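Just below is one structure, and these are the notes that go with it.
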Amino acid sequence: MFDENSKIINVEIEDQLKKSYMEYSMSVIVARALPDVRDGLKPSQRRILYAMEQLNLRPGGGYRKCAKIAGDTSGNFHPHGEQVVYPTLVRLAQPWIMRYMLVNGQGNFGSIDGDPPAAMRYTEAKLQKAAVELMEDLGEETVDFKFNYDETQREPEVFPTKLPNLLINGSSGIAVGMATSMPPHNINEICDAVIAKVDNPELNDKDLRKYIKGPDFPTGGIIAGTGGIDEYFATGRGKIKLKGKAFIENKPNNLQQIIIHEIPYQLNKTLLIEKIADLVKNKKIEDISDVRDESGRQGMRLVIKVKKGFNADVVLNKLFKYTQLQQTFSVINLALVNGEPKILSMPTLIQNFIDFRHEVVERRTKFRLKNAKHKLHILEGYKIALDNLDEVISTIRASANNSEAQEQLIAKFSLSEVQAKSILEMRLQRLTGMERDKIETDYQATVILVKELEEILGKKELRMNIIKEETLEMKKKFGDERRTIIGKNTVDMSIEDLIAKEEVVVTISNEGYIKRIPVDTYRTQNRGGRGLSGSTLKEDDFIKNIFVASTHDYILFFSNFGKCYWQKVYDLPQGSRIAKGRPIINLLPLQTGEKIQAFLNVSEFSESKNIIMSTKNGIVKKSTLSSFSKPRANGIISINLTQGDRLVDVAISDGTNDVLLATTNGYANRFSEEEVRTVGRNSKGVRGITLRDTDEVVSMIILKRENVTLLSICENGYGKRTGADDYKSTRRASKGYITIKTSERNGKLVKLLEVADEDNIIIVTKNGIINRQSVDKISIFNKNTQGVRLISLQDEDLVYDVTKIVKEEEPEMVEQEQLFDN
């Protein structure tokens, strides 16, 4: 209850929330998550090391239980609980996390496989030599101290480190609205860069690259290319492409296995193995027969056995592509500078370290000078006392007490209170001749020391030389060889660079199953043959589309929604002749009700080429091929369709060809491509042919080659060839003329193809029968005729699709053959 003396203050809740959140954010940023640019440590890390120093856990001494270290850290300096302190302590002792470890752990401190460390009551630790260098000169007033959380003890705000810890060990942490991700570097290279920067403060990021090759991760690996390194050197941000080290081992019987002996930084080896196993299980990688982890005392050894007859280089490249064996390390050089978070370039980071070292050297020199002058003052008093020894002794004997003796000495010999007190505390053994000589020698040495220290404070050049000498000392103490290799930018090499370039037949069923098959699977047959069984399809499914492409080509998939999707041919599932393939829905992000209507294989996206599209309702559209070069993950708009219309066909043109549209009732219209203006992807197009009742477009041809014929094939297996010259140009949007009679014998027109004598065609029926034959065996007739039988059909089967194969050489013809599946 509020009484009459209570004071109520009205506060806007938004302002209070903002204030509270800002205080919380700054607490996380400054006091928890981000490292200090000077010593490279977060508060929790600094407090752990300082607590260990207080426990005298130096490298030459014994270990203490981690429970004791965590308890002292939590109780004295870091009031967040032992369970928070211990994981940080563990990380400081893990060689796969720290490039230069700061804690020497004894016991189970986890593993690179992701195994957790033992409980803190079982493990022990002490400081590493590198940690000692972080705290060296801590007692010489080199840094400021502050009270701990309960003001019962004092702790250092920062360590006066001789080691450029932030640069050699890096740091990572997530604050509020910001994060740091700094890679470790090799101490030899960093020390050389520091020394060079001391000599020439004007060195920029490009100059420093002469000394620092790039990050040096504790787990080794390979950095592909220097672009990301140059970027973060200059700006403090960049992306490094990092991959593991592996080699291929040849075994007897033409077997190969891949040996992975280094993995990218912070990658869990067990998770990598599980990922590889999942890829094999899901048939994403089908070339692996076994995965074994043979790691031991000799180091990491992950063995991946490759199936006989498969290329190990291809498998390795697939591992780089589909697993974290190849990954990107994002560099964010974010650190606290005077309590403020800043993203720093490498020259700025090094300069901040040099500036801090200069401050430490200056403060240390002042402390030593103060002590040296104090000592010199006392030694001067000793000299006065020794020069007047008898009188000093008589004065002391004549005094009634210590205070009177001190006053008498000050008065008789013009001594200071400190000098008089020191003379009274002097031991009698110092009155011997040898001790008197020592005092004189000590006095002369202290005079020289004071002069040297004053000279150091008077000349910045001398202080900078000390920084260089101490940095060189750190290099000699802790320098080692690089572990991470800086290689060429080969990470971006596509898997296609290791895949043979060959033609394949791509088939898609009505139910949306897709596969690729080597084109050699289909032997050339005589006209009228029954063909080979192309797929074992489920009931009511049949082959709907078939086309030929190179394994290195891009396949553009055009859907009934007017969208375009992008896929590499080698990424399509490879199957046998009778396999049904894999559902397209598992390859492409199709929406509900969306189906693939047309396909286009493209070798490169040239700006001088166009894509011509035609729809069922006779609409044509022309867009530049380059506008389709970068589809998004969820597809892009290719054509804006009106209600009830659908895409029929797509083709590539150079802008100078003729377009020919054919309809299901056997009509065709030829017109110049120049009559169709180029438009953007998200547009409707213009009319290409005016349709008669119940008619619709089934084929589109872009006439390109000379001395070609047009092949018409109807659903009942009849067709013919007609010379392209017989198809005279009219104009866009006209009704056209008859190309083949669609009689009861022939049925509706299925396809109109542009073919030459050297071509082969593949005919596909609804029942999944595939027939391949040479075009030069098909007779040539005029337009207004019915043609001849091209394929014999059974059991009310119908021709559904036809595609052509352009042959580089004349294929070997074989006798007519009828093959049936058992």
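Annotations for the structure displayed:
- Residue within region 394-408 that is part of a helix (DSSP H, G or I), of a type in the set (A, V, I, L, M), open to solvent by 30 Å² or more (accessible area, probe 1.4 Å) and modelled with pLDDT under 90 present: yes
- Of note, THR152 satisfies the criterion of being among the polar types (S, T, N, Q) and either out of contact with any strand residue (DSSP E or B) (no Cβ under 9 Å at 6 or more places or on another chain) or under 28 Å from ILE466 (Cα atoms) (or both).
- Cβ separations smaller than 9 Å between residues 6+ apart or across chains give the following pairs from region 278-295 residues that are of a type in the set (Asp, Glu) to residues that are part of a helix (DSSP H, G or I) and exposed (fewer than 15 other Cβ atoms within 10 Å of the Cβ): ASP293/THR270.
- The numbered conditions (1) over 30 Å from GLY296 (Cα atoms); (2) surrounded by fewer than 16 Cβ atoms within 10 Å (Cβ to Cβ); (3) in contact (Cβ under 8 Å) with a residue 12 or more places away in the chain are all true for GLU82 except (2).
- Residue match in region 700-707 (condition: under 30 Å from GLU796 (Cα atoms) and under 51 Å from the mean Cα position of the chain (by Cα)): yes
- Matching entry among LYS595, LYS580, LYS622, LYS563 (being surrounded by fewer than 18 Cβ atoms within 10 Å (Cβ to Cβ) and not acidic (Asp, Glu)): LYS595
- In region 99-123, residue farthest from GLN83 (Cα to Cα) [restricted to those that are crowded, with 19+ Cβ neighbours inside 10 Å and touching a Gly at 6+ places or on another chain (Cβ under 9 Å)]: ARG99
- Strands (runs of 3 or more DSSP E) fully within region 139-187 that include at least 3 residues being closer than 30 Å to GLN266 by Cβ: 171-174, 179-182.
- Filtered residue count, region 269-290, keeping only those that are closer than 17 Å to GLN324 by Cβ and either of a type in the set (Lys, Arg) or more than 24 Å from the chain's Cα centre (by Cα) (or both): 4
- SER535, sole failed condition from (1) within 27 Å of MET700 (Cβ to Cβ); (2) in a loop (DSSP other than H, G, I, E, B); (3) at pLDDT 80 or above: (3)
- Residue within region 14-35 that is at pLDDT below 95, surrounded by fewer than 19 Cβ atoms within 10 Å (Cβ to Cβ) and in a loop (DSSP other than H, G, I, E, B) present: no
Let's see how each residue does on (1) surrounded by 22 or more Cβ atoms within 10 Å (Cβ to Cβ); (2) closer than 18 Å to VAL697 by Cβ; (3) not β-branched (Val, Ile, Thr):
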| site | (1), (2), (3) |
| --- | --- |
| VAL602 | no, no, no |
| LYS630 | no, no, yes |
| ALA633 | no, no, yes |
| ASN640 | no, yes, yes |
| VAL648 | yes, yes, no |
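- Qualifying residue in region 171-188 (condition: over 23 Å from the mean Cα position of the chain (by Cα) and surrounded by 22 or more Cβ atoms within 10 Å (Cβ to Cβ)): yes
- Residue check for PHE356: touching a residue at least 40 places away in the same chain (Cβ under 8 Å) and within 22 Å of PRO35 (Cβ to Cβ): yes
The values are calculated or read from the model by the stated rules, or taken from the named source; none is laboratory data. If you're wondering where the values come from, they're calculated on a predicted model, not measured in any experiment. Note that each Cβ is placed from the backbone with ideal geometry, even for glycine, and that neighbours are counted across all protein chains shown. For accessibility, only protein heavy atoms count, side chains too; no ligands or nucleic acids. Shrake-Rupley method; radii C 1.70, N 1.55, O 1.52, S 1.80 Å.
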